[in-house]
Ligand SMILES: Cc1cc2nc3c(=O)[nH]c(=O)nc-3n(C[C@H](O)[C@H](O)[C@H](O)COP(=O)(O)OP(=O)(O)OC[C@H]3O[C@@H](n4cnc5c(N)ncnc54)[C@H](O)[C@@H]3O)c2cc1C
């Protein structure tokens with residue numbers, strides 16, 4: 001199918017993109033286009049204008065600022081996968097993006113597009129929750145930073161307001177300017193949809209000493225923390241016995257997604273299995 005007609009605008013800076021959004025209130029930002037264009041072709045979205053932010057240089061790249069990694073919204077999956085900084089300080093992200101789609105999707109899709117789109121089966125949201133990311137958002141009213149725990153507000157719905165742009169993702173890596181970041185262990189385990197490769201269920205875990213942060217995607221209307229798992233393992237060594245005992249009945253099936261691929265009950269089972277796989281991998285077991 002063809003999209004409906006739309007005007008095409010190209011922004012060269014964040015300020016210009018915000019100004020264009022004010023001039024075209026029902027416009028959509030165009031990042032990698034790998035969710036937006038299919039949605040438009042299916043006529044599920046018909047914006048009057050697209051504002052292309054792919055050439056906004058200030059939205060691109062990964063850098064380290066003190067004990068935080070700063071990732072520009074337009075950084076592609078391929079750039080995340082091959083980033084030396086991420087491989088060194090945050091290997092969860094390169095690992096998770098390897099699971100996304102195919103090489104074409106990874107060449108064009110962006111971290112900002114993925115998080116702003118908030119597909120309930122997208123891979124990166126679970127990793128962002130496990131990593132305790134902060135999301136920087138800019139708009140006509142200025143700049144604000146939203147904790148990832150408050151960013152996803154529903155299915156395909158986030159804390160980004162009208163006229164605003166997700167500009168950066170901040171990942172705390174621990175340590176300080178004078179002390180090295182402590183070694184954290186992290187892993188992502190995914191059960192992919194057999195056709196689309198999206199996550200039927202994907203679990204990301206970050207282990208910091210005896211503390212675990214864990215999150216799941218694909219199970220509910222948006223990615224969410226696995227607090228029962230976090231509490232069950234808090235202060236305990238990551239042994240196979242402790243992991244196995246903790247990864248049972250993590251989410252009640254009642255409110256989980258169900259479709260042709262997986263029932264609620266099967267998804268609940270997959271959450272336990274993927275959580276155990278991710279933790280075993282993070283623990284080196
Ligand atoms: C064949 C195929 C397979 C795929 N498989 C997977 C998979 O396995 N796992 C997975 O996670 N994803 C998968 N995807 C989706 C892919 O990851 C998308 O690229 C991603 O969801 C959206 O990123 P994008 O840069 O393409 O955003 P776009 O499609 O350009 O934009 C998506 C939405 O976000 C908005 N937006 C974009 N950037 C910003 C910003 N900076 N600030 C505010 N709003 C913004 C847009 O206006 C639009 O509404 C797949 C896609 C395809 C086509």
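The values are calculated or read from the model by the stated rules, or taken from the named source; none is laboratory data. Bear in mind that the values here come from a model prediction, so they are computed numbers and not experimental data. Cβ: placed from backbone, ideal geometry, glycine included. Neighbour counts: every protein chain shown.
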Next on the checklist: Quick test of your reading of the structure: residue 26 fulfils all but one of (1) out of contact with any helix residue (DSSP H, G or I) (no Cβ under 9 Å at 6 or more places or on another chain); (2) part of a loop (DSSP other than H, G, I, E, B); (3) touching a residue at least 24 places away in the same chain (Cβ under 8 Å). Name the failing condition by number.
Outcome noted: (3)
Checklist entry - If only one of 62, 56 is over 30 Å from residue 256 (Cβ atoms) and more than 14 Å from the ligand (Cβ to nearest atom), which one is it? => result 62
Item to check | Among the residues listed as 96, 73, the single one being within 18 Å of residue 135 (Cα to Cα) and near the ligand (Cβ under 10 Å from one of its atoms) | outcome: 73
Checklist entry - Can you tell me which residues in region 172-216 are modelled with pLDDT of 90 or more, in contact with a helix residue (DSSP H, G or I) (Cβ under 7 Å, 6 or more places away or on another chain) and either more than 16 Å from the ligand (Cβ to nearest atom) or on the phi > 0 side of the Ramachandran plot (or both)? => result 173, 185, 186, 187, 205, 206, 207, 212, 213, 214
Item to check | strands (runs of 3 or more DSSP E) contained in region 73-173 and holding at least 3 residues under 10 Å from the mean Cα position of the chain (by Cα) and outside the structural domain of residue 30 (by TED's automatic domain parsing) | outcome: none
Checklist entry - Of the residues that sit in region 29-49 and are near the ligand (Cβ under 8 Å from one of its atoms) and not in a loop (DSSP other than H, G, I, E, B), which one is farthest from residue 105 (Cα to Cα)? => result 29
Next on the checklist: Given the criteria within 24 Å of the chain's Cα centre (by Cα) and crowded, with 18+ Cβ neighbours inside 10 Å, does residue 31 qualify?
Outcome noted: yes
Checklist outcome for this item: Of the conditions (1) within 10 Å of the ligand (Cβ to nearest atom); (2) in contact with a strand residue (DSSP E or B) (Cβ under 6 Å, 6 or more places away or on another chain); (3) over 16 Å from residue 37 (Cβ atoms), the single one that residue 90 does not satisfy is (1)
Checklist entry - In region 100-135, what count of residues is obtained for those that are more than 7 Å from the ligand (Cβ to nearest atom), more than 22 Å from residue 271 (Cβ to Cβ) and touching a helix residue (DSSP H, G or I) at 6+ places or on another chain (Cβ under 9 Å)? => result 6
Checklist entry - Looking at this structure, is residue 219 more than 18 Å from residue 283 (Cβ to Cβ) and at pLDDT 95 or above? => result yes
Item to check | Index of the failed condition, residue 29 passing every other in (1) closer than 30 Å to residue 186 by Cα; (2) modelled with pLDDT of 95 or more | outcome: (1)
